[in-house]
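Novice: Quick one: the structure is below, and I'll ask about it shortly.
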2 protein chains.
Amino acid sequence: MTTAPPARAAKRGRPGYDLESLLAVAVRLFNERGYDGTSMEDLSRKLGISKSAIYHHVPSKEELLRLAVDRALDGLFATATAARARDESAVQRLEHLVRGSVLVLVDRLPFVTLLLRVRGNTKVERAALARRREFDQLITDLVAEAVRDGDLRPEFDAATVGRLLFGMVNSLVEWYRPRGGIGAEELADLVVAVAFDGLRKN
Amino acid sequence: MTTAPPARAAKRGRPGYDLESLLAVAVRLFNERGYDGTSMEDLSRKLGISKSAIYHHVPSKEELLRLAVDRALDGLFATATAARARDESAVQRLEHLVRGSVLVLVDRLPFVTLLLRVRGNTKVERAALARRREFDQLITDLVAEAVRDGDLRPEFDAATVGRLLFGMVNSLVEWYRPRGGIGAEELADLVVAVAFDGLRKN
């Protein structure tokens, strides 16, 4: 019994979901159909359990969204905190943040995918957007500090550079698939190499 | 009368829209609510004209989508064709394609935004995804050729490099706003500089 997958357990009339596995299914559905386009009814059908069984774990659809986007944001902020705590130059801390963000994206791909699609229609979405802006500001500040140190080229606007840098990082959610492609560490190396040293062979 | 905006003309019972202005409103609505989430009824309300007045211009919602995504794709393919026709090395043609793609994105921002959100549920969407894959292949081929020429660093997979490169370019639709920010040419210079030579000051 312990090895039975949740869906089979559900068919026997036993929910078989904990909050974690329920959240995973919800996030997959939100990413496929959009958060607005997914009802608790849809989720109940997909899980094969009743709505009241879902409400046993979580009080609302919005709470599922909050748990999901926080999973992404907490990972990114933990990386930012670790990067800032390093006793290194700004450019090294920025490299650390870019590398760590790639690893977070690969590790929490469905959660970050959902985060990046959030548009701000609900309180949870607005809060997520506010944290994203806070993260963007951390990046801009690091870029500006590295420029002042003379380590990055000074001719471009720090906020724009930060957006391009994380535009490249965030694009992973559109095309990176963990199985069959290159590994997370190799991918992180590639992103850092392209961003800081460029594609051109010197 | 000729200077009256379309909405006012519409209120007088005269449609006042040509296909171009109708398409612009439709694309804005598709981008706001999603293509699936927008009905011809919604579009009719937004335009302030009847559905039959819309059908006078265009036979279906899907045809509006086709016109919109083709506007984006035709711009990108025209740039690719121009880049490939240049009597230059592969790396120079790739730079030309990256620069030109940034200019197309800025010039046709709402159309490219819609294109990048297409998921493949209809015939038009599947056709758009097929053309996107064709464009991706052009990029991969150019990257591979530039690596063979010894102009780009050889240690990374060409397809992955192409995706990162255009991940950075395509991120513009998420954050670039034509008014108030940096100009299109300056932005194109920045993207090319970051991609090929990196952020680090040498």
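Novice: What residue, among those in region A:103-160 that are of a type in the set (Phe, Trp, Tyr) and within 14 Å of another protein chain (Cβ to nearest Cβ), is farthest from residue A:196 (Cα to Cα)?
Specialist: A:135
Novice: Another question about this same structure. In region B:35-53, how many residues are part of a helix (DSSP H, G or I), touching a residue at least 12 places away in the same chain (Cβ under 8 Å) and within 23 Å of residue B:113 (Cα to Cα)?
Specialist: 5
Novice: Quick check on region A:1-34: of everything there that is in a loop (DSSP other than H, G, I, E, B) and touching a helix residue (DSSP H, G or I) at 6+ places or on another chain (Cβ under 6 Å), which residue is modelled with the highest pLDDT?
Specialist: Per the stated criteria, the residue is A:17.
Novice: Still on this structure: Applying the selection to region B:143-159, what residues are on the phi < 0 side of the Ramachandran plot, at pLDDT 95 or above and not aliphatic (A, V, I, L, M)?
Specialist: Those that are on the phi < 0 side of the Ramachandran plot, at pLDDT 95 or above and not aliphatic (A, V, I, L, M): B:145, B:148, B:149, B:151.
Novice: Which one of B:153, B:177 is assigned by TED's automatic domain parsing to the domain that holds residue B:132, of a type in the set (D, E, K, R) and touching a Lys or Arg at 6+ places or on another chain (Cβ under 8 Å)?
Specialist: Criteria check complete, one pass: B:153.
The rows are residues; the columns are (1) basic (Lys, Arg); (2) more than 7 Å from every other protein chain (Cβ to nearest Cβ).
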site	(1), (2)
B:163	yes, no
B:170	no, no
B:173	no, yes
B:179	yes, yes
B:185	no, yes
B:192	no, yes
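Residue by residue, here is whether (1) in contact (Cβ under 8 Å) with a residue 12 or more places away in the chain; (2) within 18 Å of residue B:83 (Cα to Cα) holds:
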| position | (1), (2) |
| --- | --- |
| B:138 | yes, yes |
| B:144 | yes, yes |
| B:149 | yes, yes |
| B:162 | yes, yes |
| B:187 | yes, no |
| B:200 | no, no |
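The values are calculated or read from the model by the stated rules, or taken from the named source; none is laboratory data. The structure presented is a predicted model; accordingly, all values stated were derived computationally and were not measured. Methodologically, a virtual Cβ is constructed for each residue, glycine included, from the backbone with ideal geometry; neighbour enumeration extends over all protein chains shown.
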